[in-house]
Each structure stands twice: as structure tokens, then as C-alpha cells.
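Visitor: Quick one: the structure is below, questions incoming.
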Amino acid sequence: MESLVIIGNGITGITTARLVRKQSDRPIIVISDETDFFYSRPALMYIYMGHMKFEHTKPYEDWFWEKNKIQLLRATVMSIDTDAKSIVLNNGQKLPYGQLVIATGSRTNKFGWPGQDLPGVQGLYGMRDIELMEKNTSNISKAVIVGGGLIGIEMAEMLHSRNIPVTFLVRETNYWDNILPQEEAKLVGRHIGEYGIDLRLGTQLKEILAGNDGRVRAIVTDKGEEIGCQFVGLTAGVAPNTDVAKNSKIEINRGVLVNEFLETNIADVYAAGDCAEFKMNRPRHPKIEQLWYTGRMQAEVLAKTLCGNRTAYDRGVWFNSAKFFDIEYQTYGFVSNVPVQDEESLYWEHPDGKHSIRIVYHKTGQTVIGFNLFGIRYRQAICERWIKEQRTIEYVLENLGAANFDPEFFSEFEKEAIDLFNSKHPERKVFLKRRRGLFQNA
Ligand SMILES: Cc1cc2nc3c(=O)[nH]c(=O)nc-3n(C[C@H](O)[C@H](O)[C@H](O)COP(=O)(O)OP(=O)(O)OC[C@H]3O[C@@H](n4cnc5c(N)ncnc54)[C@H](O)[C@@H]3O)c2cc1C
């Protein structure tokens, strides 16, 4: 039987392997140059912070793979020969494949800053970065982080946990306001400041300077300020890792190009997860999805296709969650960072500045299309259902209690959101029908 070869043992590669194994007895080989076993990348920060050991981040016991006849290979794939249907490993070995899945993930963006490769300067993507960060931050007195996305704030929290003072350079006017509306971006910015992080908004890195020992000694901002430091974290986003496909006949753009079936332009070669880029235009959907759960969902449909049940990928209602120090964030559906014509949003923020609810809806039809929640957790299934069923803002507000994740542990602010709506729309007052969310459906 022809073998399935998967490059990358992240959530995408491993989910594909597991689900194909459930449906078929064919040989499966998963190759990774990073770790022997699959681990949870989002948990990397907790290893550095001492909350977890690497062993704890592995979702499966080491015996699982042999038992399920999934062969794990620790190697780097150097090239792909699609005519010969084989790949070449770093030890020179040629490995034939029947079907090939490229699931090589992302890599840290570097924008050609002078000094970006100095010792003491690094990104945060994988296990090697955690080991390097351990070395790079021992006995230091000052760190600078460049780039204000989700990995940047994780790095700030990691350094803060070791009492290392941090200056955080963020290009945007407010933290992550290329994604978040201004109110939420300011909420997170204030919270970062409360942790003693020196947040520099609207500030970019110009260059990184070396000391006499050849290691980083300072950075210079685009405003001409020199900031002394012994560590620089580069967290200005990630880009698809397409290296393995570069000298092959497989089409790449920013990522490895795929259709809705995650098929590349070459028969029997597929790509999925962070490294894949969709060819087709999908309004308001990114062409590259760099999330844990989208990697898993892509793998779920890809496994079906690989087993003969050709299935298109449909991500459904957008969902994401994250944590900004101790404020939880969840988003469902479409929430634009800037006002959109024919969309209105109800934004309520608690006076403590740490809890907020945003519900976005169409002006015409009043149907709800998105939620942003900070410091409050709403049930994913219920919010998604309301979006899919095109419920009106009035309906959603009246039933908001049903979305409350767990009222025993999370405060309820439904009444406050409704009061705000009623104060804005006295002509169409709504009343809360559902309070507690436990065991309820709306
Ligand atoms: C610090 C951090 C925190 C994150 N937190 C979250 C979060 O909270 N929520 C969320 O949704 N997402 C989060 N993400 C993003 C999420 O982890 C990724 O979207 C996801 O891991 C991508 O999975 P993947 O399987 O596509 O690729 P990866 O997990 O990157 O796996 C690809 C693997 O392929 C290997 N590889 C690459 N090229 C080769 C080659 N030529 N030969 C052999 N092996 C190769 C790589 O070394 C890597 O091990 C986080 C990412 C980071 C870096």
C-alpha cells in the first residue's frame, strides 16, 4: 500500500495522521525537525514560566504512536521531487510517498533590521526558541520586545514572570488595533501598563546595536531614542514556512497555494495549517489561517479527502481566543477593527476597564454578526448559533444570559449591556428574558 508522508508534527500534521489511521491501515510517516513528539505550541510560554514541564505539553503518551502504527521520523526534509514522488532528507535518504502532506507551520518574521541576528536577539516560535530564551535571559536587567501581536504580549508576560523590566515597541497607535477596535485596543494597552510594562505605542525598531562582546547592548527606535537592553524579542508576526516547496513544482505565494480541498497544483500533494494559503477569495476570511484550531479543522477535512472522501474545508463561524496577562479574550464571527458601513456595534465596558462586551450587527435587518468579549466568557456554541441563525440584536440581548459561560465563576453583565442598548434606543426597549446560562439553550 502506498505510504502517506506528512512533513511537520504540529497540530495539523498530527491530526491528519491520527484521523487517517482511524480510516485506513496504510503506512503513515510523520517527519519533524523540531521535536521527537507532538506537543502543544500555545503552551510554550508556560514552560518558560515554570508552570509546566515539556512532558506536560504532550497531548499523547509516547507509546501512542507505535501502538497506532504512525512512524515518527526526526529529520529535516530538504526537497520534494514531485515527478519521482519522493522527498530527500538531510541525511541524503530518499523517501518515496504515495500522498504527501506539507504541514510545516510558520516562522518568525524578520524585516531586515540591522542587528537582527545578533546574539541575544530572537523570536518565539518553537522549543529551540524556549531553550535559547532561557540562556539569553539569564541574569539580564532589561529586555525589549518588538511587535505587538499575541506572541509579543506572551513574551512580555514571560519576562515579567522573571521580574525582567520590559520595553514593548508597538507600531500601531494602540495595542493590536489592526485587529481590535479602538476601545478594546486601549483596554488591553492600559492592562499592559498596569503590569509595569513600558508600552511604546506608535514606535518602530530602527536598529539593534552590539556591545564590545558582540551581543546586543541597545536598540534604536524610529524616533531616534536609544534603549539599553541585553535581550530583544522579535514578535512582529509569523509567515508561512514554505522552504521545503521552494525548489519544486509546487506553487507557492506567501504560503503553499491550495484550493478548498487543501490540494496543491500537483496531484497527491496537499498542504494545510499555518503554511497553507488559499487560492480563492473568501470575503472577510484570511487566505492564511495561523491558529491552532484552524490547523486542526483543516486536518479533519484533509484526512477525509486522503481517505477517498473528497471534502471541502469550511471553517464556519470565525472564532479565536487569547489571554492578555489576566484578561481573557474571545471573539466570534466578524468584528472589524474599524467602522464598517451598514454595521453598528453595541459596546459596553465595565468602569473597572477590565471587562467589556461588543456585539456587532447589521443596520439593515439588525442581525448579529459578531461578538468581542474581554474578561467575560460566552458559550461558543450559542454565539455561533445566533450568528448562523441570523438572530436580531434584540433577540440576542433578551437571551444573553443563555450565553453566559458559567455564572458560578464569571460575573454577569447582561443587564448592563441591555441598559446601554435601551438608553441608546428608548423607542425599542428590550428586557432580559434569560439570566443564568447553566444547562440552558436559547
Ligand atoms: C508562542 C505561540 C503561542 C501561540 N498561541 C496560540 C493560541 O493561544 N491559540 C491559537 O489558536 N494559536 C496559537 N498559536 C498558533 C498555533 O500554535 C499555530 O497556528 C499552530 O501550531 C500551527 O500548527 P501547524 O501544525 O500548522 O504548524 P506547526 O505547529 O508550526 O508545526 C510544523 C512543524 O513542522 C516542522 N518542519 C518545518 N519544516 C520542516 C522540514 N523541512 N522538515 C521537517 N520538519 C519541518 C516544524 O519544525 C514544526 O515542528 C501560537 C503560536 C505560538 C508560536
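The values are calculated or read from the model by the stated rules, or taken from the named source; none is laboratory data. If you're wondering where the values come from, they're calculated on a predicted model, not measured in any experiment. Methodologically, a virtual Cβ is constructed for each residue, glycine included, from the backbone with ideal geometry; neighbour enumeration extends over all protein chains shown. The area values use the complete protein model at the heavy-atom level, side chains included, leaving out ligands, DNA and RNA. Shrake-Rupley method; radii C 1.70, N 1.55, O 1.52, S 1.80 Å.
Visitor: Report the residue count in segment 94-117 for those that are open to solvent by 80 Å² or more (accessible area, probe 1.4 Å) and in a loop (DSSP other than H, G, I, E, B).
Guide: Counting residues in segment 94-117 that are open to solvent by 80 Å² or more (accessible area, probe 1.4 Å) and in a loop (DSSP other than H, G, I, E, B) gives 3.
Visitor: Are any residues in segment 20-57 within 13 Å of the ligand (Cβ to nearest atom), of a type outside the set (Val, Ile, Thr) and part of a loop (DSSP other than H, G, I, E, B), and if so, which ones?
Guide: ASP33, GLU34, ASP36, PHE37, PHE38, TYR39, SER40, MET49
Visitor: Out of all the residues in segment 247-285, which are charged (D, E, K, R), touching a residue at least 12 places away in the same chain (Cβ under 8 Å) and part of a loop (DSSP other than H, G, I, E, B)?
Guide: Scanning segment 247-285 gives LYS249, GLU251, ARG254, GLU260, ASP268, LYS279, ARG284.
Visitor: Quick one: in segment 286-298, which of the residues that are assigned to a loop (DSSP other than H, G, I, E, B) and not aliphatic (A, V, I, L, M) is farthest from the ligand (Cβ to nearest atom)?
Guide: LYS287
Visitor: Please specify each residue of segment 313-342 satisfying the condition of being away from the ligand (no atom under 16 Å from the Cβ) and under 26 Å from ILE382 (Cβ atoms).
Guide: Within segment 313-342, ASP314, GLY333, PHE334, VAL335, SER336, ASN337, VAL340, ASP342 qualify.
Visitor: What is the residue count in segment 43-59 for residues that are surrounded by 15 or more Cβ atoms within 10 Å (Cβ to Cβ) and either in contact (Cβ under 8 Å) with a residue 12 or more places away in the chain or under 17 Å from ASN241 (Cβ atoms) (or both)?
Guide: So the count comes out to 9.
Visitor: Of the residues GLU225, GLU157, which single one is acidic (Asp, Glu) and touching a helix residue (DSSP H, G or I) at 6+ places or on another chain (Cβ under 9 Å)?
Guide: The conditions single out GLU157.
Visitor: Next question. Please find, among MET127, MET78, MET155, the residue that is open to solvent by less than 10 Å² (accessible area, probe 1.4 Å), within 24 Å of PHE38 (Cα to Cα), within 16 Å of the ligand (Cβ to nearest atom) and touching a residue at least 12 places away in the same chain (Cβ under 8 Å).
Guide: Just one listed residue meets the conditions, MET155.
Visitor: Looking at VAL232, VAL301, VAL244, which one is outside any loop (DSSP other than H, G, I, E, B) and open to solvent by less than 10 Å² (accessible area, probe 1.4 Å)?
Guide: Testing whether each residue is outside any loop (DSSP other than H, G, I, E, B) and open to solvent by less than 10 Å² (accessible area, probe 1.4 Å) leaves just VAL232.
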